């Protein structure tokens, strides 16, 4: 065997060894219990969807997976825990829209929403909706924007709280079209919607799941939805983009792992989660919760998350929203 052919042989053997190790690592994963950190209290949208996917991963993928609710600091406590966890695929984060918002409004966030994590896949999302008491004179965002400016500046709009997704959606809308209302932050979405139904406040911004039952019952009406195109559930409701180009906002859910997690692990997780999301009972439950499917895979989530982080940093900088 010549020296050249020997080197070629050894290089090929090394390459085969690496490939074999990667395959074995992927085949061996998961070999122990996986902790899925949900950075909120039990019972909310993140907890419901995260537990549903976790349950199905155990049923069809052979995973031993537990959900660990770690609420606190608007979701930052659990998020930081995952950012500092070993990058071995056994501690995962179930993130939502706050993942991109928090570092924009909290300067002391002790993690980077992009650099400290590896995207696995998006799971589902629901768009933000601007709703009103049925007696409110405007029936669309276009009609609202046509109202006299001095009148608009006296109209309150409720959101689930300062720095929440609906609040930042309002701020984004304000930067795009100058819609200057009186922001009223509530301690949660339910009391804001209750006040809108009772006529205590005319407008509320929130995600589709909590508002849809009230729209279906006629207790509230929708003025606009933050999607790029008309939504099949609300085909007669104009999009924000029709009056405010670029205002497309979802309350989304997705899986992240600590930075440095091997791609064979994240790829396996993404593939198995994709299998879960097409199960008929999962699709049925997501649809009943007014959740829409989202692009799947690590690359798709990386692009989406990068856009989210950039958008909310810009909004916070332009409007001065800060929760420090």
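The values are calculated or read from the model by the stated rules, or taken from the named source; none is laboratory data. All of these numbers come straight from a predicted model, not from anything done at the bench. No Cβ is skipped: glycine too gets one built from the backbone with ideal geometry, and neighbour counts run over all protein chains shown.
Checking residue 254 against (1) farther than 17 Å from residue 91 by Cα; (2) assigned to a strand (DSSP E or B); (3) in contact with a helix residue (DSSP H, G or I) (Cβ under 6 Å, 6 or more places away or on another chain): exactly one of these is not met. Which one?
Evaluating residue 254 over (1) farther than 17 Å from residue 91 by Cα; (2) assigned to a strand (DSSP E or B); (3) in contact with a helix residue (DSSP H, G or I) (Cβ under 6 Å, 6 or more places away or on another chain) leaves (1) as the failure.
Where residues in segment 285-303 are in contact with a helix residue (DSSP H, G or I) (Cβ under 9 Å, 6 or more places away or on another chain) and either on the phi > 0 side of the Ramachandran plot or in a helix (DSSP H, G or I) (or both), which of them is surrounded by the most Cβ atoms within 10 Å (Cβ to Cβ)?
Only one residue fits best here, namely 301.
Filter segment 107-117 for residues that are surrounded by fewer than 22 Cβ atoms within 10 Å (Cβ to Cβ) and in contact (Cβ under 8 Å) with a residue 40 or more places away in the chain and give the result.
If the condition is that a residue be surrounded by fewer than 22 Cβ atoms within 10 Å (Cβ to Cβ) and in contact (Cβ under 8 Å) with a residue 40 or more places away in the chain, then 107, 108, 114, 115, 116 are the ones that fit.
Within segment 266-284, can one find any residue that is assigned to a helix (DSSP H, G or I), within 22 Å of residue 126 (Cα to Cα), free of Cβ contacts under 8 Å to residues at least 12 places away in the same chain and touching a helix residue (DSSP H, G or I) at 6+ places or on another chain (Cβ under 9 Å)?
Looking for residues that are assigned to a helix (DSSP H, G or I), within 22 Å of residue 126 (Cα to Cα), free of Cβ contacts under 8 Å to residues at least 12 places away in the same chain and touching a helix residue (DSSP H, G or I) at 6+ places or on another chain (Cβ under 9 Å), one finds at least one in segment 266-284, hence yes.
Give the residues of segment 234-246 that are modelled with pLDDT of 95 or more, in a loop (DSSP other than H, G, I, E, B) and buried (at least 18 other Cβ atoms within 10 Å of the Cβ), sorted by residue number.
Those that are modelled with pLDDT of 95 or more, in a loop (DSSP other than H, G, I, E, B) and buried (at least 18 other Cβ atoms within 10 Å of the Cβ): 237, 238.
Out of 192, 196, 228, 207, I need the residue that is modelled with pLDDT under 95, in the same structural domain as residue 153 (by TED's automatic domain parsing) and closer than 25 Å to residue 321 by Cβ. Which one?
228
Of all residues in segment 155-192, count the ones that are touching a residue at least 40 places away in the same chain (Cβ under 8 Å) and touching a strand residue (DSSP E or B) at 6+ places or on another chain (Cβ under 6 Å).
9
For residue 102, work out the one condition from (1) within 17 Å of residue 38 (Cα to Cα); (2) buried (at least 22 other Cβ atoms within 10 Å of the Cβ) it doesn't fulfil.
Residue 102 satisfies all of (1) within 17 Å of residue 38 (Cα to Cα); (2) buried (at least 22 other Cβ atoms within 10 Å of the Cβ) except (2).
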